[in-house]
Amino acid sequence: MGEFTSTITHRLDQAYKGLQEARTSGDDFLADTLTAEIEDLRRIAVDNGVSIQR
């Protein structure tokens, strides 16, 4: 796994964890922000041929 793939995967993992915490705590703004970040990271991954498991 290359550094780019590792970084994308790590950032997605962190964003998904943060999203779960935001939803649990009822922080809708943070949940929306993290959802947008996840969408951006997934788009970047696809654009660069990185396979995402989630």
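The values are calculated or read from the model by the stated rules, or taken from the named source; none is laboratory data. None of the values given here were measured: they were computed from a predicted structure. Ideal geometry is used to build each Cβ from the backbone, glycine not excepted, and the neighbour counts take in all protein chains shown. Just so you know, the surface numbers come from the protein's heavy atoms only, side chains and all, with ligands and any DNA or RNA stripped out. Shrake-Rupley method; radii C 1.70, N 1.55, O 1.52, S 1.80 Å.
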Point to revise | From phi via Karplus (6.51, -1.76, 1.60), per-residue ³J(HN,Hα) for region 34-45 in Hz, x at Gly/Pro | key: 5, 4, 5, 5, 4, 4, 5, 5, 5, 5, 4, 4
**Study point:** Sparsely packed chymotrypsin sites (Phe, Trp or Tyr not before Pro) within the chain, loop by DSSP, other Cβ within 10 Å at most 14
**Key:** none
Point to revise | Karplus-derived 3J(HN,Hα), 6.51/-1.76/1.60, for each residue of region 28-33, Hz, glycine and proline x | key: 5, 4, 5, 4, 5, 5
Check your understanding: What is the Å³ per residue value for the convex hull set by the Cα atoms of the chain?
Key -> 60 Å³
Review point. How many percent of the accessible area of the chain is carbon or sulfur, using a 1.4 Å probe?
Key: 49 percent
Practice item. Could I have the simple spin-label model distance between Val46 and Gln14, label points 7 Å from Cα toward Cβ, reported in nm to one decimal? Key: 2.4 nm
